[in-house]
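The values are calculated or read from the model by the stated rules, or taken from the named source; none is laboratory data. The model shown is predicted, which means the values in this text are computed figures rather than measured ones. Neighbour counts run over all protein chains shown; Cβ positions are idealised from the backbone, glycine included. The protein model used for the area step is the full one, side chains on, heavy atoms only, and it has no ligands, DNA or RNA in it. Shrake-Rupley method; radii C 1.70, N 1.55, O 1.52, S 1.80 Å.
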Amino acid sequence: MAKSPEVKLAVFGRAGVGKSALVVRFLTRRFIWEYDPTLESTYRHQANIDDEVVTMEILDTAGQEDIQQKEGHMRWGDGFVIVYDITDRGSFEEVAPLRSLLEEVKKPKNVPLVLVGNKSDLDHVRQVGTEEGERLAAEMACAFYECSACADEGGAVAEAFHELCREVRRR
Ligand code: GDP
Ligand code: MG
């Protein structure tokens, strides 16, 4: 039997956007309110995606590492989730620079990527419109998901990770 494919995924975004909550939601279908924000962890997870068992290694970055550490994580990964918080415009503004750094580190390859606008349950304090997320994703030629780690109706969180795996496998 062919060995099941393995993909390395790294999750990036400003501290507090909900990276850890999203990863935990994806892995356990649960929401954990408080997570040590300085913690960086890797997880292994298997999923059946389009009738193929895919093994993922997921790196949940802390979001406050220096540039060398960031570049190291970028070199390690095959695919990337860039997360911002729809209630934090500053976190949205950090997306494009992260993407540029990725391109720089990974060149000449183009980088499998998904963009996630998290905390969609907090629509009443939203600072970043859905169309803005869509537009940025279109500019970066990647898939876009708005989702909520704490109220994940419809499984958008898993869909984002699965789509990223597909994107990595297509390269
Ligand atoms: P990280 O620093 O990016 O890993 O962010 P965390 O996962 O530690 O989350 C930061 C804070 O945002 C925590 O207080 C979480 O409970 C909260 N949080 C994360 N995701 C969501 C979400 O989808 N909705 C809401 N309302 N809060 C969230
Ligand atoms: Mg975290």
Count - residues of region 124-138 that are open to solvent by 50 Å² or more (accessible area, probe 1.4 Å) and without any contact (Cβ under 8 Å) to a residue 24 or more places away in the chain: 5
Neighbours by Cβ (under 6 Å, 6+ apart or cross-chain): first from region 37-50, within 15 Å of residue 11 (Cβ to Cβ) and charged (D, E, K, R); second away from ligand 1 (no atom under 16 Å from the Cβ) and open to solvent by less than 90 Å² (accessible area, probe 1.4 Å): 44/57
Strands (runs of 3 or more DSSP E) completely within region 39-120 that count 2 or more residues being closer than 18 Å to residue 25 by Cα and of a type in the set (Gly, Ala, Ser): 41-49
Residue selected from region 17-42 under the condition open to solvent by less than 60 Å² (accessible area, probe 1.4 Å), touching a strand residue (DSSP E or B) at 6+ places or on another chain (Cβ under 9 Å) and over 13 Å from residue 81 (Cβ atoms), by the criterion farthest from ligand 2 (Cβ to nearest atom): 27
Matching option when the condition is surrounded by fewer than 23 Cβ atoms within 10 Å (Cβ to Cβ), more than 16 Å from ligand 1 (Cβ to nearest atom) and either modelled with pLDDT under 95 or of a type outside the set (Val, Ile, Thr) (or both), among 14, 99: 99
